[in-house]
Amino acid sequence: MSAHTGSPSYGFETRQIHAGEINDAETTARVTPIYQTAGYRFSSFDDGEERFAGASSRRAYSRNDNPTNIVAAKRIADLEGGVDAVLVGSGQAAIAVTLFALAQTGDHILATTNLYEGTREMFRTSLARQGLSVEYVPADAPAEVWHSKVTERTRAIYTETIPNPLGDVVDIAALADIAHATGVPLVVDSTVATPYLCRPIEWGADIVIHSTSKWLAGHGSVIGGAVIDGGTFDWAANADRFPHLTTSPRPGVGSAVERFGAGAYLGFLRTVTILEYGPTVPPTSTFLLLQGIETLSLRMERHVDNALAVAREFEGHPALRQIHYPGLESSPYYPLTRKYLPQGAGSIVSFDLAGGRDAARVFIDALDLVTPMTHIGDVRSLAIHLGSTIHAKLTEEERLAVGITPGLVRLSIGIESAGDIIADLGHALDAVSAAGY
Ligand SMILES: *Cc1c(COP(=O)(O)O)cnc(C)c1O
């Protein structure tokens, strides 16, 4: 098999179809096959030893090295402008392994306050039990505040490009400056933006995370995650914080920095963290992911057009206290949207119903085309009341502290005919008004 990597001279639309593809010389299959195999035959005793030593470019085992998964990882790395990437079994797994490969017990992560609740739950529960502390700082806090929070145990600043569900777009370049001035990498979960709308590495991020279950796949039929290494962070210059990347693990073996160069972090992630924890994604899922990525740009154009049409249509509707969509000119995040998301502000639109939870019940139950469901980034339009589902484990006070008001309904706007989506949402809002909310 020979590798064809995407040429940087090709446009995004070309690379989403071709980057990372392999030419299977034996079968000449044009579409990347599902390499449904656990292992790879050793040609000899010495070949086995070399593969295990990582001295050979030939693979040993599919837990961390499967050709279908490698093609999709290289494609996503190419689209994000990173040096390399890995795929794992879910977005949650991607977040967990990213931090496991940066931090250990007693270490500290600084995060922006408003994040996807699954991430906050992991930070609050499982990572806390592993002895990792996460401290939240409002994304727009002055640089001095961020600087004052960094300790010698801080290992990363963590944020999202378009935080789910409020769309309070983050100033990535400003956070990158703070991170680099203090000697830690900036980690960005860019699931809601996708590499088509924003590439955080171009703005200074060092590590990018995706739930590939969302827009990258787009069809809502697989769960997966990806971690992309920008190759930008200087681990050797910050060796006191990251000795696991800069020192030799055992005699005769070089450090991750020596072995993998600019891709030191990703090399460690793949050959140690993922090899040992094993959060592997099945190549069958990755095959479906690849079918989705091929049409990412086309789908995103429709997603953002439809989301903007919905937000504009219902802005000021009497049943709504507020619409959260950073692509609206009235949004406080509109200036950051123009800077970071010139091709569109994503397709999460959140409705804050003035009548609170009871109004949300009427709204959800009146929907016909739009599916009540947890998930985002599907070609289908979806809706969910947050306080009773994703944020149900929090107290009312905790919910309000992160902007989850009683009437908040998150919409993931799909790629159906805009008029049909608007008609369905309009009729559900009419039902809310008719019920007296
Ligand atoms: C869904 C989501 C995740 C988790 O991804 P899964 O694939 O569902 O595990 C992480 N981050 C964001 C922003 C998400 O929307």
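The values are calculated or read from the model by the stated rules, or taken from the named source; none is laboratory data. Just so it is clear, the model here is predicted, and its values are computed rather than measured. Heads up, the Cβs are rebuilt from the backbone with ideal geometry, glycines too, and the neighbour counts pull from every protein chain shown. Note: accessible area is taken over every heavy atom of the protein model, side chains too, but ligands, DNA and RNA are not part of it. Shrake-Rupley method; radii C 1.70, N 1.55, O 1.52, S 1.80 Å.
Just a few scattered comments:
- For the range 2-292, DSSP calls about 45 percent of its internal beta bridges antiparallel.
- Using the alpha-carbon positions of the range 39-79, Rg (one decimal) and Dmax (whole number) come out as 11.9, 39 Å.
- Cross-link partners for K339 among the lysines, with Cα-Cα distance under 28 Å and sequence neighbours closer than 8 places in the same chain left out: K74, K149, K214.
- Dipole check for the range 297-434: with +1 at the C-beta of Lys and Arg, -1 at the C-beta of Asp and Glu, and the Cα centre as origin, the magnitude is about 420 Debye.
- Protein heavy-atom surface of the range 297-434, 1.4 angstrom probe: 51% of the accessible area is carbon and sulfur, with nucleic acids and ligands not counted.
- C-alpha long axis of helix 418-434 to longest principal axis of the chain, angle in °: 50 degrees
- Helix 67-80 vs. the chain, principal-axis angle (Cα, 0 to 90°, nearest 10): 60 degrees
- Spatial separation of Cα centroids for the range 322-350 and the range 182-236, in angstrom: 19 Å
- Taking all protein chains together and a 1.4 Å probe, the residues T295, T191 rank T295, T191 from largest to smallest accessible area.
- This model, with +1 at the C-beta of Lys and Arg and -1 at the C-beta of Asp and Glu, gives the range 80-197 a dipole about its Cα centre of some 400 debye.
- The chain: relative contact order in percent, alpha carbon pairs under 8 Å with at least 6 residues between: 15 percent
- With coordinates expressed along the principal axes, the C-alpha atoms belonging to the chain extend over 77, 54, 38 Å, beginning with the largest.
- Relative protection proxy for 211-220, 421-430, from highest mean packing down: 211-220, 421-430 (other beta-carbon atoms within 10 angstrom).
- Helical contribution to [θ] at 222 nm, DSSP H n ≥ 4, -39,500 (n - 2.57), averaged over the chain, rounded to 500: -10000 deg cm²/dmol
- Accessible surface calculations at 1.4 Å, restricted to protein heavy atoms, place the chain at 41 Å² per residue.
- Think of each Lys and Arg Cβ as +1 and each Asp and Glu Cβ as -1; about the Cα centre, that makes the dipole of the range 101-141 roughly 140 debye.
- E152-T395 pseudo-label distance in nm [points 7 Å out on the Cα-to-Cβ vector]: 3.6 nm
- Extreme residue, positive dipole direction of the chain, given options L216, F52, V349 (C-beta unit charges): F52
- Helix 283-293 and the long axis of the chain differ in direction by around 60°, with both axes built from C-alpha atoms.
- Note on exposure: F363, F233 ranked by accessible area (1.4 Å probe, complete protein assembly) read F233, F363, with the most exposed listed first.
- Top positive-direction residue, dipole computed over the chain with Cβ charges, set G225, L99, I34: I34
- Highest-MSF residue in the chain out of N164, N238, N114 [GNM, Cα springs under 10 Å]: N238
- Residues in the range 250-285 that a label on E49 would reach, taking backbone N under 17 Å of a point 7 Å out along Cα→Cβ: 252-253
- Overall Cα dimensions of the range 297-434 - principal axes, largest extent first, Å: 37, 31, 27
- Mean sequence separation of contacting Cα pairs (under 8 Å, at least six apart), scaled by the length of the range 312-411, corresponds to a relative contact order of 28 percent.
- Relative contact order (%) - criterion: Cα under 8 Å, at least six apart; region: the range 77-166: 35 percent
- Spread of Cα-to-Cα distances over 5 Å intervals beginning at zero, given as percent, for the range 128-248: 2, 11, 19, 21, 20, 14, 8, 3, 1
- Taking the accessible area of the range 2-292, probe 1.4 Å, and keeping the other protein chains in place, the carbon and sulfur fraction comes to 53%.
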